[in-house]
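Accompanying notes for the structure given below.
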C-alpha cells in the first residue's frame, strides 16, 4: 500500500489558529515535508513547532520551492520535490506537507499535488485559516456584507487592476509591487488597510494607505473596502 500525501494548512502565523485536525495529523504521522532548503527556517514549520514542539522529533523533508519566474526551472524543482515525497509514499508512509494559510489558496502545495496525482498517488488537503480572514479579524472588519462582492487578487501578477468603489478587494502578495499597488488605490474612494506578518510576533497593522510602507515585508496583504 502506498502512503497518502497531505497538504496541511497551518494558518497565517499565530500557532493558536492552527486547527485541531492539523495538529492531530502531525501527531499521527512521522514524515513532515516543509517548503525551503532548511525546514527549521520555514515560516510554516515555525508555526507548527510553536503549537506542537514534538514535531522537531519527526523526519523533516525539505522541499525546495524557489521564488523565481523561470518556469522551466520551477517545473524541474517541483518535479524533484514530488519525487522526494514519492520515495516515502512508496514505503507506505504518509507525507504531510506544511503550508501557510490554506492549501487551496495560492499554495506551493498545488504544484506538488498536480504532479503526485498525475503519477497515480492519493492526495488530500487539510484546510487552514487563510491569511486574509485572520487579517480582517485583526483589523476588526468584515470582508464582505450582504450582497457585496469580494475579489481575491495576487497583486504581484496584477499591476493594472481597475478597482470598483462598490466592491471589496484582498490584494495578496503585494509586497514586491507595493508602491504600484498603492498608486492604483490612491484614486479610489475605498477604505484601505493592510497587515504585515499577520499573526506573527512582528505583526504590523496599517490603518490607511499613507501608513503602508513601500518596502513592506513579503507577508503583507491589503484589504480595500467599499
>> Compute a Gaussian network model of the chain, connecting alpha carbons closer than 10 Å, and tell me which residue from 92, 199, 81 fluctuates the most.
In response: 92
> So what's the Cα pair-distance distribution over segment 61-194, bin width 5 Å, in %?
Replying inline: 2, 8, 16, 17, 16, 12, 11, 9, 6, 2, 1, 0
> Stretched out fully, how many nm does the piece from residue 93 to residue 30 gain, at 0.36 nm a residue minus the Cα gap?
Replying inline: 21.9 nm
>> In 10 Å bins starting at zero, report the fraction of Cα pairs in segment 5-126 per bin as a rounded %.
In response: 14, 50, 31, 5
> Where is the GNM fluctuation largest for the chain (alpha-carbon springs, 10 angstrom cutoff): 155, 134, 50?
Replying inline: 50
>> Can you give me the C-alpha center-to-center distance between segment 73-126 and segment 177-226, rounded to a whole angstrom?
In response: 32 Å
> Taking the Cα atoms only, what angle lies between the long axis of helix 71-89 and the longest principal axis of the chain, rounded to 10 degrees?
Replying inline: 40 degrees
> When the helices in the chain are scored as -39500 (n - 2.57) per DSSP H run of 4 or longer and the sum is shared across all residues, what 222 nm value do you end up with, to the nearest 500 deg cm²/dmol?
Replying inline: -8500 deg cm²/dmol
> Gaussian network model of the chain, Cα springs within a sub-10 Å range: biggest mean-square fluctuation belongs to which of 25, 67, 184?
Replying inline: 67
>> Report for segment 5-126 the percent antiparallel among DSSP-assigned beta bridges with both residues inside it, nearest 5.
In response: 5 percent
> What is the chain's relative contact order, in percent, from Cα pairs under 8 angstrom and six or more apart in sequence?
Replying inline: 22 percent
> Per 10 Å bin from zero, what fraction in whole % of the C-alpha pairs of segment 131-225 is there, up to the bin with the longest pair?
Replying inline: 17, 57, 25, 1
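Throughout, read-outs are computed from the coordinates displayed, never taken from laboratory work. Quick caveat: nothing in here was measured; it's all calculated off a predicted structure.
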